[in-house]
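The values are calculated or read from the model by the stated rules, or taken from the named source; none is laboratory data. Since the structure is predicted, the reported quantities are computational estimates derived from the model, not experimental observations. Using ideal geometry, Cβ is built from the backbone for each residue, glycine included, and neighbour counts are taken over all protein chains shown. To get the accessible areas, we keep the full protein, side chains included, count just its heavy atoms, and leave off ligands, DNA and RNA. Shrake-Rupley method; radii C 1.70, N 1.55, O 1.52, S 1.80 Å.
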Amino acid sequence: MRILFFTNSDTLNVLAATAPYYTLRFLQQRADVRVFLESNNKAKTTPGLTDVVYHRSKFLPSLAHVNLPAAWTLLRHGLDKDVLVYTYDRLVAPGLVAKLRGRAWVVDFQIPPLEQDLEFAAMRGKRRENSRRRYWFRKKLLRLFYRYCDLAVTLNDETKRLLVGEYGIPETKILVLQMGVDLERFAPSGRALPWRPFRIVHVGSMGIPALGLEDCLEALVRLRSEGTVIQMLIAGRVTMGPEESLRHAIERLNLSDCVE
């Protein structure tokens, strides 16, 4: 079987999008995979030898500017008989093209499809009535499209319930692959840590509430109250909101001496 893997992330950079990076490596060990990689013309892409790079359109509205260039690229490169199309989140058009040609379609949900849009709009101060109307219109479109997928993969039962209730995907089509730690492989040894203090390093985007950085800071406060001091280093790019909001949170929680 050949897998056509559609993503808008740099597949050679684990920090660009961790889950697609490791999902692709997993699939490449088991099948012939060709990557269809979106470039937004701003960030430099680093395609592999078998990648097809395409560009989203600046002139198409809403979901179309992401989906139509991907579908057109797929049609140009053709669909063999023994092919499965694997897409992420709102990349539905390549999957629909696959279904029209009698091929299989798997869609991977790392996050709920649209639910973060309103949260991000509110953070930017742009949560207006017209943005809500666009949100509900796009949600109805996606609810119509997702029902045709052969398999939906997601990370937890909460997202599974949302996909069933809000997007109409049959429960029998949803596979939950939990993220977590192998407790046998990483079992506590009972030995004292060889270094003091223990350090946590976060490398990645900052400012997105879903990443839970402020939750981590709250945990550091609780651990400190119980006598455990942990140093934390935060390194990355601010993608949502001002950098000062994170600095204020560190100062408010009196963590300036242990968070850099």
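Numbers at a glance
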| item | result |
| --- | --- |
| Packing rank of 30-38, 215-223, where each peptide gets the mean count of other beta carbons within 10 Å, highest leading | 30-38, 215-223 |
| Label-point separation, ALA64 to ALA31 (7 Å along Cα→Cβ), nm | 3.1 |
| Greater than 25 Å apart at Cα, pairs in LYS58/LYS140; LYS140/LYS173; LYS140/LYS160; LYS58/LYS99 | LYS58/LYS99 |
| For LEU84, solvent-accessible area (1.4 Å; no DNA, RNA or ligand), Å² | 30 |
| Residue-by-residue Karplus 3J(HN,Hα) for region 77-83, coefficients 6.51, -1.76, 1.60, Hz, glycine and proline x | 8, x, 10, 5, 5, 9, 10 |
| Under-5 Å amide H pairs with ASP108, H placed in peptide plane, nonlocal only | THR87, TYR88, ASP89, VAL153 |
| Calculated FRET efficiency for the pair LEU253/ARG196, C-beta based, R₀ 22 Å, to 0.05 | 0.50 |
| Under-5 Å amide H pairs with CYS258, H placed in peptide plane, nonlocal only | none |
| GLU171 accessible area, 1.4 Å probe, all protein chains in place, Å² to nearest 10 | 110 |
| Karplus-derived 3J(HN,Hα), 6.51/-1.76/1.60, for each residue of region 93-104, Hz, glycine and proline x | 4, x, x, 5, 4, 4, 5, 5, 8, x, 9, 8 |
| Per-residue ³J(HN,Hα) for region 134-147, Karplus 6.51 cos²θ - 1.76 cosθ + 1.60, θ = phi - 60°, Hz, x for Gly and Pro | 4, 4, 5, 5, 5, 5, 5, 4, 5, 4, 5, 7, 4, 5 |
